[in-house]
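To start, the structure itself, in structure tokens.
The values are calculated or read from the model by the stated rules, or taken from the named source; none is laboratory data. Bear in mind the structure is a predicted one, so any value in this text is a computation, not a measurement. Backbone-built Cβ (ideal geometry, glycine too); neighbour counts: all protein chains shown.
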């Protein structure tokens with residue numbers, strides 16, 4: 001078996017809808033090291049490790065053969081696979097950035113919390129410094145004892161690729177902590193913020209979730225059904241102001257009762273200028289219990 005055939009067959013096993021240079025680099029590296037594909041020897045392969053020059057040659061051959069093609073309408077340098085559908089922007093985003101997940105209005109739509117279909121794609125990802133650390137750990141896990149040899153031979157590294165557009169959809173990527181943040185969707189290359197985190201994101205960035213009025217509508221329609229998930233997430237990862245805003249909505253707007261809400265009242269700040277909607281102007285109408293300007 002020749003090397004290009006082995007790479008092509010290996011690409012057929014990739015679960016993602018698109019392939020990054022790093023993903024291809026892993027495939028090329030492993031074939032050079034193992035010198036076989038599923039027990040069949042690869043002919044004329046003598047070197048222990050591929051070099052950057054050899055990687056680029058193999059990439060050019062795959063493109064010439066139509067096995068790989070640059071993905072049109074994508075700001076990241078990624079490749080579509082022969083015979084593979086590549087019109088799912090959500091899964092493509094999660095393939096380009098292995099540490100991102102759908103969030104805000106995109107997550108709301110996925111969970112059925114809103115009937116609005118966002119024209120843009122909203123994803124959250126670690127800040128650049130944390131992303132680099134996650135990437136280093138992922139490469140060490142992928143390559144094990146070959147990590148240094150892979151780097152020294154100049155093969156593509158796992159890097160944070162530019163991702164501003166996929167097809168016709170603009171992509172908005174936000175920095176976010178990963179603690180308790182997302183769930184993997186079974187059978188897909190897709191990660192989505194958990195129900196609890198999605199409600200927390202609504203409070204933090206209502207402008208990314210259809211506006212505060214829509215956030216209130218979603219809370220009032222679905223909040224009771226997901227009350228425990230909301231309380232758990234905000235208790236663990238919410239700031240004091242998140243607890244105050246959630247407490248007001250759940251208790252005074254929705255008439256829900258829970259001991260957790262009673263414990264959150266201590267975070268109400270008397271004499272302050274806290275607002276229900278952080279992006280809107282302060283108005284002299286407030287909740288006495290939650291010390292919050294009701295500026296909706």
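The table below gives the values:
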| read-out | value |
| --- | --- |
| Test result for residue 230, at pLDDT 95 or above, within 16 Å of residue 176 (Cα to Cα), out of contact with any strand residue (DSSP E or B) (no Cβ under 9 Å at 6 or more places or on another chain) and not assigned by TED's automatic domain parsing to the domain that holds residue 176 | no |
| Considering residues of the range 79-113 that are farther than 29 Å from residue 222 by Cβ and under 17 Å from the mean Cα position of the chain (by Cα) only, the residue surrounded by the fewest Cβ atoms within 10 Å (Cβ to Cβ) | 98 |
| Sole exception among (1) loosely packed, with under 12 Cβ neighbours inside 10 Å; (2) modelled with pLDDT of 95 or more; (3) under 22 Å from residue 79 (Cβ atoms) for residue 152, by number | (3) |
| Among residues of the range 13-37, those that are over 21 Å from residue 56 (Cβ atoms) and touching a residue at least 60 places away in the same chain (Cβ under 8 Å), counted | 3 |
| Qualifying residue in the range 280-290 (condition: under 34 Å from the mean Cα position of the chain (by Cα), assigned by TED's automatic domain parsing to the domain that holds residue 233, surrounded by fewer than 16 Cβ atoms within 10 Å (Cβ to Cβ) and in contact (Cβ under 8 Å) with a residue 40 or more places away in the chain) | yes |
| Positions within the range 106-151 being outside any helix (DSSP H, G or I) and over 29 Å from residue 168 (Cβ atoms), in sequence order | none |
| Tally of residues being closer than 20 Å to residue 17 by Cβ and over 13 Å from the mean Cα position of the chain (by Cα) across the range 114-126 | 2 |
| Given (1) under 24 Å from the mean Cα position of the chain (by Cα); (2) surrounded by 15 or more Cβ atoms within 10 Å (Cβ to Cβ); (3) under 22 Å from residue 102 (Cβ atoms); (4) without any contact (Cβ under 8 Å) to a residue 60 or more places away in the chain, number of the condition residue 193 does not satisfy | (4) |
| Single residue of the range 63-118 satisfying the filter (free of Cβ contacts under 8 Å to residues at least 60 places away in the same chain and out of contact with any strand residue (DSSP E or B) (no Cβ under 9 Å at 6 or more places or on another chain)) that is nearest to residue 208 (Cα to Cα) | 117 |
| Boolean, residue 219 is assigned by TED's automatic domain parsing to the domain that holds residue 278 and either in contact (Cβ under 8 Å) with a residue 12 or more places away in the chain or in a loop (DSSP other than H, G, I, E, B) (or both) | yes |
| Any chance residue 174 is part of a helix (DSSP H, G or I), more than 30 Å from residue 32 (Cα to Cα) and not assigned by TED's automatic domain parsing to the domain that holds residue 246 | no |
